[in-house]
Amino acid sequence: MARSLKTEAIVLRSIRYGEADRVLHLYTPGHGRLAAIAKGVRRARSRFGARLEPFFHIRVILHQGRSDLHTVTSVDTVAVHASLRDHAATLDAAARACDAVGRLFETPDPHPEVFRLLANQLALLNRDAGNAHPATGLAFRLKLLLAAGIMPQLASCAGCGESAHLQGFSAAAGGVVCNSCEAAAFPLAQEAHTFLVGALGQPLAQAPAASELALAQAERAITETAEHHAHVRLRPLLSATRGHGALAKFAAGSA
Ligand SMILES: [Zn+2]
C-alpha cells in the first residue's frame, strides 16, 4: 500500500545510483534514519535542483512503496549550511557528526532530540569555524550516547558506588571507576572527568575547554562506550586533527 510521508530531514549521505539518480540517507525527527531515492536528480533540469546535498536541512515529501526505499516526490530547503563548506575542518566535522548519527541511530525509531542536536551542530559549524574544535565534537558525541541510552556513569564508581578516588574509566563496568575497581580501566585524569561532566551539562555551543590529553582520554571513554554497549565504531576525532596541528591552531586562535 502506497503512503505519503511529509517530514523535515537532514541529508546524512548522498550516493550516486544508476544513470541519474541518488540514494539518500536521511535523518528525520519522527522516523529516525530513512533511505530514499531521488530519481533524475543528477540531470541538469531536475525539479529537485541542488537541494539534496549532504548536510542540507530540508522539508521533504516521500512516497513509501512496497520496499524500505522511499521515493522523494518534493523538496523544500530549510537551511543549506553553505559556509561550513568553506573550510576543510568544518566540512570534516560535519561529515563526522552525520556519520556518528547514522551509525548510532540506524533504525526508523524516533529520536527527535537527536535530530535537533544534529541540526544544532551543523548550524554551529556553519556559523563559526571555531566550532570545528574537537571539544565540541566530543560534547556532541557524549549527548548522542545519552540519547542512545548508553551514557556512562560519571558521578560515582561504576563498580562499587564509591564517590572518591575516581581515577579510571571502564566501558565494561559502565563508567568511571575508583582505584580499587580499576582492573579493566584506563587512567582518566580529573580534568578529563570534569570535561565529560561539563560537556554533558552545557549546551553544545559552550563545550568546556580542556587540554589535548584530557580530550584524548574523554574521546577514549566515548569511543569505548559506543563499542562496548552499541557495537558501533566511531571514526576518530582527535587523531584526525592532531596530525595537522589543528589543536595548536585553535588554541592560538582563542588566545
Ligand atoms: Zn569502585
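The values are calculated or read from the model by the stated rules, or taken from the named source; none is laboratory data. As the structure is a prediction and not an experimental result, all values here were calculated from the model. Every residue, glycine among them, receives a Cβ derived from its backbone with ideal geometry; neighbour counts consider all protein chains shown. Surface areas here come from the heavy atoms of the whole protein model, side chains and all, with no ligands, DNA or RNA. Shrake-Rupley method; radii C 1.70, N 1.55, O 1.52, S 1.80 Å.
Checked against (1) within 15 Å of the ligand (Cβ to nearest atom); (2) in a helix (DSSP H, G or I); (3) surrounded by fewer than 15 Cβ atoms within 10 Å (Cβ to Cβ), Leu213 passes all but a single condition, namely (1). Can you tell me which residue in region 162-183 is farthest from the ligand (Cβ to nearest atom), limited to those that are surrounded by 15 or more Cβ atoms within 10 Å (Cβ to Cβ) and of a type in the set (Gly, Ala, Ser)? Checked region 162-183; the qualifying residue farthest from the ligand (Cβ to nearest atom) is Ala171. Among residues of region 55-76 being over 14 Å from Val11 (Cα atoms) and of a type in the set (D, E, K, R), the one that is least open to solvent (accessible area, probe 1.4 Å) is Asp68.
For region 146-161, the set of residues classified as within 12 Å of the ligand (Cβ to nearest atom) and either under 18 Å from Ala192 (Cα atoms) or in contact (Cβ under 8 Å) with a residue 12 or more places away in the chain (or both) consists of Gln153, Ser156, Cys157, Ala158, Gly159, Cys160, listed by residue number. What about Gly137, is it surrounded by 21 or more Cβ atoms within 10 Å (Cβ to Cβ) and within 16 Å of the ligand (Cβ to nearest atom)? When the stated conditions are applied, Gly137 does not pass them.
Does region 230-246 contain any residue that is within 16 Å of the ligand (Cβ to nearest atom), of a type in the set (Ser, Thr, Tyr), at pLDDT below 95 and out of contact with any His (no Cβ under 7 Å at 6 or more places or on another chain)?
no
Condition check for Ala129 on (1) surrounded by 16 or more Cβ atoms within 10 Å (Cβ to Cβ); (2) within 22 Å of His229 (Cβ to Cβ); (3) more than 16 Å from the ligand (Cβ to nearest atom): one failure, at (2).
Of all residues in region 5-29, exactly one satisfies the criterion of being surrounded by fewer than 15 Cβ atoms within 10 Å (Cβ to Cβ) and over 16 Å from Lys39 (Cβ atoms), namely Lys6.
Could you pull out the residue among Leu34, Leu52, Leu84 that is closer than 27 Å to His231 by Cα and either within 16 Å of the chain's Cα centre (by Cα) or hydrophobic (A, V, I, L, M, F, W, C) (or both)?
Details: Leu52 fails: closer than 27 Å to His231 by Cα; Leu84 fails: closer than 27 Å to His231 by Cα.
On inspection, the qualifying residue turns out to be Leu34.
For Pro203, are the conditions met, namely being closer than 27 Å to Asp92 by Cβ and away from the ligand (no atom under 15 Å from the Cβ)? It is true that Pro203 is closer than 27 Å to Asp92 by Cβ and away from the ligand (no atom under 15 Å from the Cβ). Residues considered: Phe115, Phe48. Of these, the only one that is in contact with a strand residue (DSSP E or B) (Cβ under 8 Å, 6 or more places away or on another chain) and part of a helix (DSSP H, G or I) is Phe115.
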